[in-house]
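Okay, structure first, notes after.
No lab work stands behind these numbers, since they all come straight from the coordinates. Since we're looking at a predicted model, the values are computed, not measured. Cβ placement follows ideal geometry from the backbone for every residue including glycine, while neighbour counts extend to all protein chains displayed.
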Amino acid sequence: MTGSLKLLDEHRCFGGVQRFYSHDSAAIGLPMRFSAFLPPRAAADRVPVLFFLAGLTCTEETFMVKAGAQRMAAQYGLMLVAADTSPRGAVIPGEDDDWDFGVGAGFYVDATQPPWRSHYRMESYVARELFDIVTTQLPGDAGRAGIFGHSMGGHGALVLAQRHRDQYRSVSAFSPIAAPSRCPWGRKAFAGYLGDDPDVWAGYDASQLMRQSRCPYPDGILIDQGLADPFLDEQLHPDDFAAACVSAQQPLTLRRHDGYDHGYYFVSTFVADHLAFHTERLRC
C-alpha cells in the first residue's frame, strides 16, 4: 500500500502554493519524494494536471526551482507535478558510481534485471502510483492529465505517453533522448535495467514505439531542441522520432533553436509555450 503523504515544505507562489511531499512507495519499496504546484483554483475544484519528468542527476525540486513555470500555471489553472528521477536509499552496490546510471538516472523504466528490479520501477511509480496519488489525494483531475519532460525525462514523457495512452491526453518534451536504443546513455541504461535483448528495449524506445503506432496523439506532439546542445548528435536523435512520426501519421511540431544548449536556461525560455500547448488540449 502507498503510505500517507507527508508534507515536507510549502511556499506561497503566484496565488497558489508550491509543495514538496514524501511517502512510502509501494511500487518502489522505499520512500519517494515529489513536488506539486497547486494553482489558486485548486483550492475549490479539481484542476488539469501536468506531470514533468526531469533529466539525469535531477530531483523533484529541479524543475520547480529552475523552470519558472508557476506563474503561467497559476494563470492557466494547471497543477504541476514533478517526480524524482530514481529511487533513493536502495543500497545497491555501485548505484551511485556513475552519473548516468543508478541514482538520479532511473530512465522511467521498470527494471527486470537483478539487483535493480527490486526498487528501480519508475514506470510503475510515475504512471500508476504517483498518478493515483495526485488524482485522489490531491486535486488533480484524472481525466485531464498531460505529461512532459527534459532530456532523460523527455524520453520518459514520450514513452509513458505512448505506453499509457489512456491516461495522458497531451505530451511534449525538451531535448528528449528520442531514440535511446541508438545512443550511449540509452544502451547503458537499457542493458543494466532490462538486459541485453534489443527487442525488450524497443518497448521503452519512443521512436520504435511510434513506428508501431498509428497517430496516438491526433492533436499533436511538441518538441523543442536547442541546436547548440552538446548532446544533440550523439545522444538525442530527434530526427529518428520525427521520421517515426511521419511513418505513424502522427502530427509533430519539432522546433529547432539556434544558439540554445541543453540546460534550464533553454527550458525556461520555452516553458510557457509548453504550458499553453497542454492547456489547450486539457481544457475540455
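Annotation: peptides 214-223, 268-277, 76-85, ranked by per-residue average of other Cβ atoms within 10 Å with the highest first, follow the order 76-85, 268-277, 214-223. Span-like helix criteria (full DSSP H runs; alpha carbon extent of at least 24 Å along the helix axis; mean Kyte-Doolittle hydropathy of at least 1.6) are satisfied in the chain by no helix. Sorting the segments 136-142, 238-244 by their mean number of nearby beta carbons within 10 angstrom, highest to lowest, gives 238-244, 136-142. Using Cβ point charges alone (K and R +1, D and E -1), the dipole size of the chain about the Cα centre works out to roughly 960 debye. Computed over neighbours whose Cβ is under 15 Å from that of Tyr76, the net charge equals +3, Lys and Arg +1, Asp and Glu -1. Distance between the pseudo-spin-label points of Glu10 and Thr57 (7 Å out from Cα toward the beta carbon): 3.3 nm. Potential lengthening of the chain between Tyr265 and Ala26 amounts to 82.5 nm, from the contour at 0.36 nm per residue minus the alpha-carbon distance. Calculated mean residue ellipticity, 222 nm, the chain: -8000 deg cm²/dmol, from DSSP H runs (n ≥ 4) at -39500 (n - 2.57) each, averaged per residue and rounded to 500.
Projecting the Cα positions of Gly146, Gln249, Phe52 onto the charge dipole of the chain (unit charges on Cβ atoms of Lys, Arg, Asp and Glu, taken about the Cα centre) puts Gly146 furthest along the positive direction.
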